[in-house]
Amino acid sequence: MRRMRFAIAIPQFYADGGFDPSAFLAYLTRAAELGFDSAWTQETVLGPSTQLAPIEAMTYAAACTTRLRLGCVVFVSTLYSPVHLAKSLSTLDQLSRGRIEIGVGTGGKSRPFAAFGVDPQRYVARFSEGLALMKALWTEPRVTFDGEFWQLSDEVMEPKPFQKPFPPIWVGAAGPTAVRRAVRVGSGFFGAGSATTPAFADQVAIVRQALANAGGPERDFRIAKRVYIALDENAGRARERINAALEGVYGRRLPSIEAAAVAGTPADCVAELRAVADAGAEMILFTPLFDQAEHAERLAAEVIPQLG
């Protein structure tokens, strides 16, 4: 049985001019001291939330600590040039000495594809081709690639990632087809913070069936879940605060996402997090949306010891 791992969100939400470098450094340093295995960003390019971009936040975080692994769940890689994204991630893996984990996802049908020059009818094909091209650039000495969206002729990308053949690739997905795709192309499945625990359990069942159907040698395939969380001795206040914070992130009230968030006293949260673990999570990414440093301390002292 695999050891349960715990991760923490990297602070990303800052109003214009509000970033505090010393506080950011202190947060990452303390997260490592508290024993979190990794720290993660998320990505929203367009929208009302004041969210820093993930690669830049990860790069800054890499300079703040030498132990924490660093990731993003997820890059909506459909919207990127895979050549540029592959180069950025390979560079960051070198700078961090092999501490990068990569989360990717299609982004779903609701993305503003026109803003990125992407055909909304071909976004899944673009996602799959882009990921295949990134893997080729990371592993092959010279790349010739004749795709629908990108073509390369005997091109070279160096240096390759520090991790060989490349960093772990987590795939974020929701529907059954997308979850099965995650098993085919990734090394792990990452459940979204917007997914309720029962929905996540259904996704894990699909993952396990897909792994069984694939046959062949057993794969070291991982399963994780982001959990939006709020701790407070006043459970009602915790729920009000997390709901308000989620509205700030998503730009509107979304009851389905509010239902997925975990909020309440430490005991309340432990009970709900045990259900997440029972549903199949081998790593939980705690994502507090306010009082992040305080939450890191309380999670390490009052929650994680009850889950390990």
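The values are calculated or read from the model by the stated rules, or taken from the named source; none is laboratory data. All figures in this text were calculated on a predicted structure; none of them were measured in a lab. FYI the Cβ positions are ideal-geometry reconstructions off the backbone, even for glycines, and counts take in every protein chain you see. Keep in mind that these areas ignore ligands, DNA and RNA; they rest on the heavy atoms of the full protein, side chains included. Shrake-Rupley method; radii C 1.70, N 1.55, O 1.52, S 1.80 Å.
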Counting only residues that are closer than 22 Å to P112 by Cβ, of a type in the set (V, I, T) and not in a helix (DSSP H, G or I), which one in region 43-96 is nearest to the chain's Cα centre (by Cα)? V73
Region 100-148, residues that are surrounded by 15 or more Cβ atoms within 10 Å (Cβ to Cβ) and assigned to a loop (DSSP other than H, G, I, E, B): T106, G107, G108, R111, V118, E140, G147
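State whether the residues of region 187-199 include one that is under 14 Å from P82 (Cα atoms) and either open to solvent by 20 Å² or more (accessible area, probe 1.4 Å) or over 24 Å from the mean Cα position of the chain (by Cα) (or both). First the steps, then the outcome.
Taking region 187-199 and keeping what is under 14 Å from P82 (Cα atoms), we get none.
Scanning region 187-199 turns up no residue that is under 14 Å from P82 (Cα atoms) and either open to solvent by 20 Å² or more (accessible area, probe 1.4 Å) or over 24 Å from the mean Cα position of the chain (by Cα) (or both).
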Can you tell me which residue in region 270-295 is nearest to the chain's Cα centre (by Cα), limited to those that are buried (at least 18 other Cβ atoms within 10 Å of the Cβ) and more than 27 Å from F221 (Cα to Cα)? L289
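Based on what the data block shows, is V262 hydrophobic (A, V, I, L, M, F, W, C), touching a Cys at 6+ places or on another chain (Cβ under 6 Å), under 19 Å from L307 (Cβ atoms) and surrounded by 13 or more Cβ atoms within 10 Å (Cβ to Cβ)? Explain how you work it out, then say what you get.
Numbers: hydrophobic (A, V, I, L, M, F, W, C): yes; touching a Cys at 6+ places or on another chain (Cβ under 6 Å): yes; under 19 Å from L307 (Cβ atoms): yes; surrounded by 13 or more Cβ atoms within 10 Å (Cβ to Cβ): yes.
Judged against the criteria, V262 is a match.
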Determine whether region 43-55 contains at least one residue that is open to solvent by less than 10 Å² (accessible area, probe 1.4 Å) and of a type in the set (D, E). no
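So which of A300, A235, A293, A277 ends up being modelled with pLDDT of 95 or more and more than 19 Å from I8 (Cα to Cα)?
A235
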Return the residues of region 1-42 that are open to solvent by 20 Å² or more (accessible area, probe 1.4 Å), among the polar types (S, T, N, Q) and in a loop (DSSP other than H, G, I, E, B); say none if nothing qualifies. Q42
Exactly one of R237, R241 is within 27 Å of A53 (Cβ to Cβ), open to solvent by 40 Å² or more (accessible area, probe 1.4 Å) and assigned to a helix (DSSP H, G or I), and that one is R241
